[in-house]
Amino acid sequence: MAFTIALAGKGGVGKTTVSGLLIKYMVKKGKTPILAVDADSNFNLNEVLGVKVTDTLGNAREDMKKGNVPSGMTKDVFMSMRLEEAVIETGDYDLIVMGQPEGTGCYCAANTLLTNYIEKLSDNYPYIVIDNEAGMEHISRLTTKNIDILLIVSDPSRRGLQAALRIHQLAKGLNIGV
């Protein structure tokens, strides 16, 4: 089972920067391979890490919904293929990006897809670092669960600290397995 670190906090407090620095530090210390996860619909962990995103899990799901499945291929096989294609591989870490679905609606399906895919991949990596979206939804929806460290990032503002406290209380109250 992978050692998993998830980051949470209010928007704009530096979660993605801390995630990237943490991944780079772990690589420097030989703690590899790492599965880096950008679980934000407004993804940019790739920019901190210096890699280009060519595909996202959200794109894969949208293609399936639009019926872009080749004839003779089941939706399950298509999604498995597309999810594997969305993994950005580097020498020391691999990156998967949730991305966003097209148009209106919630991110429930994209979050569920990401959660299931992380679970599927977790046995292949000794370390996982998850850069979550801002706020608490990923905790209340239980997409952030069964992790070893929940690193709550804040700036020194009252709002940032209040958000950090609320995230801590929610995680403790839901017993998400930290």
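The values are calculated or read from the model by the stated rules, or taken from the named source; none is laboratory data. Since we're looking at a predicted model, the values are computed, not measured. In this analysis, Cβ positions are derived from the backbone assuming ideal geometry, glycine residues included, and neighbour counts consider all displayed protein chains. The protein model used for the area step is the full one, side chains on, heavy atoms only, and it has no ligands, DNA or RNA in it. Shrake-Rupley method; radii C 1.70, N 1.55, O 1.52, S 1.80 Å.
Other residues with beta-carbon under 13 Å from the beta-carbon of residue 147 carry, at +1 per Lys or Arg and -1 per Asp or Glu, a net charge of -2.
Does the stretch 1-99 come out rounded, prolate or oblate, given a ≥ b ≥ c as the square roots of the eigenvalues of its C-alpha gyration tensor, rounded meaning a/c under 1.5 and, failing that, prolate meaning a/b above b/c? Prolate. Cβ under 13 Å from residue 121's Cβ, residue 121 left aside: what net charge do those residues give with Lys, Arg +1 and Asp, Glu -1? In short, -4. For residue 15, the aspartates and glutamates whose Cα falls under 12 Å of its own Cα, not counting residues fewer than eight places away in the same chain, are 38, 40, 131, 133, 155. The simple Förster model, with R0 at 30 Å and r as the Cβ-Cβ distance, assigns residue 17 and residue 71 a FRET efficiency of 0.10. Checking [x] 20; [y] 14; [z] 23 against percent of Cα pairs over 31 Å apart calculated from these atoms, the matching label is [y]. Note the angle between two axes, namely the Cα long axis of helix 158-174 and the longest principal axis of the Cα atoms of the chain, as a number of degrees from 0 to 90, rounded to the nearest 10. Value to nearest ten degrees: 70. Report the longest stretch of the chain that contains none of the trypsin sites (Lys or Arg not before Pro) sitting in a DSSP loop with at most 10 other Cβ atoms within 10 Å. That would be 67-178.
Beta-bridge orientation, the chain: approximately 15 percent antiparallel, per DSSP, counting only bridges with both partners inside. Rolling a 1.4 angstrom probe over the protein heavy atoms with all chains in place gives the chain an accessible area of 53 Å² per residue. With respect to the cross-link table entries 31/65; 65/120; 10/65; 65/145; 29/172, which display a Cα-Cα separation exceeding 29 Å? Listed pairs above 29 Å: 31/65; 10/65; 29/172. What is the set of long-range amide H partners of residue 43 at a cut-off below 5 Å, with H atoms built 1.01 Å from backbone N? For residue 43, the qualifying residues are 99. Rolling a 1.4 angstrom probe over the stretch 37-178 with all protein chains present gives an accessible area of which 49% lies on carbon and sulfur atoms.
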